[in-house]
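J.: I'd like to ask you about the structure that follows.
The values are calculated or read from the model by the stated rules, or taken from the named source; none is laboratory data. From a predicted model like this one, the values you see are computed outputs, not experimental measurements. Here Cβ is always computed from backbone atoms with ideal geometry, including for glycine, and neighbour counts include all displayed protein chains. Calculation scope for accessible area: heavy atoms of the full protein, side chains included, ligands and nucleic acids excluded. Shrake-Rupley method; radii C 1.70, N 1.55, O 1.52, S 1.80 Å.
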Amino acid sequence: MDFKVDSKGFDDFIDKMSVNSENLENNVMKTVKQIAQEIADDAKDLAPVDTGHLRENIFSRVVQDGNIIVGEVFSNIEYAAYVEFGTGTVGQSAGLTREGINLHYRQTPWRYKDEEGKWHYTKGQKPQPFLYPAMKNNEDNIKEKLKTAVVMELR
């Protein structure tokens, strides 16, 4: 069986794609940065507030490793994960699950001293998720904005 392919215009298409690949990468990078910031803003809105320190320390960034562009939303506060996932048997009893994360909780109660020097006994705290829900709330938005960024550049 024989078939024939007309390659007229193919060279122009390849040239255009070569020129547009850098623009496409820049456009996707810009879009991922914007999406990550929107998720960070939502996480700030969802974060529980006591002193406001956690909310003030939620950030976004974009990192690139070769062809892979990743948007990250994070907090550099040491207790952020304890707030997100909860602690002890109280946290575990909430039944929180996250795909790809194996959560382990302390099974014994403990004591701690507060800033005023008073001792407290605890079995943990319930989870107060703010990062994961912010990402899930933007899931459809992520797909749509990235699709738009790619399609706009290919036109």
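J.: Open to solvent by 80 Å² or more (accessible area, probe 1.4 Å) and closer than 30 Å to Ser21 by Cβ: is that true of Glu115 in this structure?
T.: No.
J.: Output the residue which, of all residues in the stretch 37-78 that are out of contact with any helix residue (DSSP H, G or I) (no Cβ under 7 Å at 6 or more places or on another chain), hydrophobic (A, V, I, L, M, F, W, C) and at pLDDT 95 or above, is farthest from Asn137 (Cα to Cα).
T.: The qualifying residue farthest from Asn137 (Cα to Cα) is Phe74.
J.: Picking from Ile101, Ile68, Ile77, Ile58, which residue would you name as being open to solvent by 90 Å² or more (accessible area, probe 1.4 Å) and of a type in the set (A, V, I, L, M, F, W, C)?
T.: The match here is Ile68.
J.: Cβ-Cβ under 9 Å, sequence separation 6+ or interchain: first residue in the stretch 25-47 and under 18 Å from Tyr132 (Cα atoms), partner assigned to a loop (DSSP other than H, G, I, E, B) and open to solvent by 80 Å² or more (accessible area, probe 1.4 Å). Which pairs?
T.: Close Cβ pairs (under 9 Å, with a partner that is assigned to a loop (DSSP other than H, G, I, E, B) and open to solvent by 80 Å² or more (accessible area, probe 1.4 Å)) do not exist here.
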